[in-house]
Amino acid sequence: MRAQHLLGATVAVCLLLLLREQPVISPPPVPSPNEAANRERTYRAQPALPRFLPPAAVTLDTASDAAQLLLVSRSGGTGGNNGTAWQSVSRSAPADKKYFMALGVVSNVMWQNSFDRRRWIRETWLTYPNVGKTTDVKFVVAMRRSDLSSIPAQMADELATEQQQHRDLLMLEKVPERKSPCLKTMAWYRWAVGHYADVTFIAKTDDDAYVHTPKLELNMRPFASEPLIYIGSTLWGTYIKETFEPCARRMGPMMAVGGMKEERCVERGADGPYPYAVGMLQVLSLKVASWMVEQEEFAEFERRATAATRPPMMDQGEDLVIGMFIYHSPWPLMPLHWGWDKLHDLCFKCDRKDQIWRPITHQTVVAHHTANSDIMHDVHRNITRACEAHDCAQPLPMEVKSLADLCGRGSIKKVYSKCKMLEK
């Protein structure tokens with residue numbers, strides 16, 4: 001009997017140790033474009049830090065007060081229904097309300113956990129005090145299936161209930177849900193340009209991303225007086241409009257040039273190569289976004305991509321598409337590369353610096369692939385702790401600061417056509 005008790009106690013201790021132990025996830029190498037598109041990734045959070053109790057709510061008298069912006073508090077929205085025939089949105093700004101930034105969070109309602117994802121965001125980073133004050137956030141959802149039929153009635157009812165409760169959905173009545181969020185992203189920029197007449201920046205992110213909105217706003221304010229702004233963290237590639245295909249997506253320009261030869265991009269009708277801000281965060285100035293959505297090329301692509309319900313159809317490369325439109329702009333404009341330490345895919349224990357998977361630090365502005373509630377809340381606590389240990393009110397410089405900066409590096413000017421604009 002004593003031996004049985006001893007054995008039972010030993011098993012219990014082992015189980016307890018196993019439960020406490022978190023596996024160490026080794027960072028993967030940079031995935032190829034096809035692997036990145038097709039592979040399901042699983043992330044595990046590190047052991048939770050001690051629970052953080054946020055300070056008392058603060059009132060933002062001025063948006064430039066970085067110390068206030070970095071406090072955590074609950075912030076609500078205002079407004080009524082401002083829907084049109086093709087979209088429905090609530091919590092709209094009063095006529096005299098002026099936002100610094102409008103941030104669209106694309107969310108695919110056909111995914112089983114999209115309702116949960118929006119809830120996790122509302123529980124975490126939507127509690128920052130600039131949300132609803134200087135930064136307005138909308139969840140962007142489409143109300144049609146891939147074949148252009150209406151989404152299930154029960155789901156539409158659930159969305160209506162969610163909208164009534166939270167008043168923060170942009171419901172696109174004529175836009176289909178597809179594997180790629182491209183059409184929702186395009187519709188968001190078009191709607192935001194028409195809705196936020198005085199906004200400085202229009203940005204886009206995903207519903208599996210954590211966004212530190214105070215840090216984002218703090219770092220965008222120095223660019224407020226510059227009309228031509230496109231900011232994110234960048235990759236390179238080309239795009240084939242005719243068949244809706246990305247081609248030669250790579251980490252850098254020379255790698256993209258090599259990929260173009262391997263994938264025969266030019267022969268297949270691709271535009272590029274050009275840099276583009278990845279989908280986890282794209283920030284456009286109002287002037288750039290307004291120019292983009294007014295182009296016939298933009299509208300024609302929307303029409304073709306919406307109508308294509310069978311292959312070839314738009315199912316990947318949303319960020320490449322936005323980059324392509326801006327690549328065709330008449331200005332010496334390219335995406336300023338912020339750096340993978342600020343905008344990154346999430347891993348909790350990793351030490352490689354040659355890929356886009358990074359752990360949470362005080363420099364994190366966006367952490368992408370927050371795959372479940374535990375991870376989203378762990379990121380929220382970890383960023384808070386990181387900002388308690390470091391001064392998060394310090395600006396985070398761009399790694400590529402201008403077109404001239406980019407074109408002065410290596411042989412880039414030989415392969416990137418925008419560099420020729422600097423010679424005029």
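Selection over region 107-122 of residues that are in contact with a strand residue (DSSP E or B) (Cβ under 8 Å, 6 or more places away or on another chain) and within 17 Å of His377 (Cβ to Cβ) gives a count of 2.
Here Ala187 fulfils each of the conditions (1) over 10 Å from Val105 (Cα atoms); (2) modelled with pLDDT of 95 or more; (3) touching a helix residue (DSSP H, G or I) at 6+ places or on another chain (Cβ under 9 Å); (4) not in a helix (DSSP H, G or I) apart from (4). Residues that are out of contact with any Leu (no Cβ under 8 Å at 6 or more places or on another chain), under 28 Å from Leu216 (Cβ atoms) and charged (D, E, K, R) within region 398-424 comprise Glu399, Asp405, Arg409, listed in sequence order. Scanning region 273-321 for residues being within 26 Å of Thr200 (Cβ to Cβ) and in a loop (DSSP other than H, G, I, E, B) gives a total of 6. Residues in region 395-420 that are in contact with a helix residue (DSSP H, G or I) (Cβ under 7 Å, 6 or more places away or on another chain) and surrounded by 14 or more Cβ atoms within 10 Å (Cβ to Cβ): Leu396, Val400, Leu403, Leu406, Cys407, Ile412, Lys413, Val415, Tyr416, Lys418, Cys419.
Scanning region 217-232 for residues that are more than 12 Å from the chain's Cα centre (by Cα) and buried (at least 23 other Cβ atoms within 10 Å of the Cβ) returns Glu217, Leu218, Tyr230.
The number of residues in region 292-349 being aromatic (Phe, Trp, Tyr) and more than 28 Å from Val175 (Cβ to Cβ) comes to 4.
Considering only residues that are surrounded by fewer than 24 Cβ atoms within 10 Å (Cβ to Cβ) and β-branched (Val, Ile, Thr), look in region 236-250 and name the one that is farthest from Val278 (Cα to Cα). Ranking the qualifying residues of region 236-250, first place goes to Thr243. For beta carbons closer than 9 Å, sequence separation of 6+ or different chains, a first residue in region 226-243 that is in a strand (DSSP E or B) and small (Gly, Ala, Ser) and a second that is modelled with pLDDT under 95 and surrounded by fewer than 21 Cβ atoms within 10 Å (Cβ to Cβ), the qualifying pairs are Gly237/Pro33.
Counting the residues of region 165-184 that are part of a loop (DSSP other than H, G, I, E, B) and either touching a helix residue (DSSP H, G or I) at 6+ places or on another chain (Cβ under 7 Å) or crowded, with 17+ Cβ neighbours inside 10 Å (or both) gives 6.
Condition check ((1) under 17 Å from the mean Cα position of the chain (by Cα); (2) in a loop (DSSP other than H, G, I, E, B); (3) surrounded by 17 or more Cβ atoms within 10 Å (Cβ to Cβ); (4) among the charged types (D, E, K, R)) across all residues:
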{"residue": "Gln112", "(1), (2), (3), (4)": "no, yes, no, no"}
{"residue": "Arg117", "(1), (2), (3), (4)": "yes, no, yes, yes"}
{"residue": "Lys138", "(1), (2), (3), (4)": "yes, no, yes, yes"}
{"residue": "Met143", "(1), (2), (3), (4)": "no, no, yes, no"}
{"residue": "Asp157", "(1), (2), (3), (4)": "no, no, no, yes"}
{"residue": "Gln163", "(1), (2), (3), (4)": "no, no, yes, no"}
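Do we find that Ala209 is buried (at least 22 other Cβ atoms within 10 Å of the Cβ), within 14 Å of the chain's Cα centre (by Cα) and small (Gly, Ala, Ser) in this structure? Against the criterion (buried (at least 22 other Cβ atoms within 10 Å of the Cβ), within 14 Å of the chain's Cα centre (by Cα) and small (Gly, Ala, Ser)), Ala209 qualifies.
When the residues of region 385-407 are filtered to those that are free of Cβ contacts under 8 Å to residues at least 40 places away in the same chain and in contact with a Cys (Cβ under 8 Å, 6 or more places away or on another chain), the one that is nearest to Ser329 (Cα to Cα) is Cys407.
Per-residue answers, yes or no, for (1) modelled with pLDDT of 95 or more; (2) crowded, with 24+ Cβ neighbours inside 10 Å; (3) charged (D, E, K, R); (4) closer than 17 Å to Thr243 by Cβ:
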position	(1), (2), (3), (4)
Lys261	yes, no, yes, no
Glu267	yes, no, yes, yes
Ala289	yes, yes, no, no
Glu296	yes, no, yes, no
Arg303	yes, no, yes, yes
Ala307	yes, no, no, yes
Glu318	yes, yes, yes, yes
Gly323	yes, yes, no, no
Gly339	yes, no, no, no
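The values are calculated or read from the model by the stated rules, or taken from the named source; none is laboratory data. Worth saying up front: this structure is predicted, and the values here are computed from it rather than measured. Note: ideal-geometry Cβ built from the backbone for every residue, glycine included; neighbour counts use all protein chains shown.
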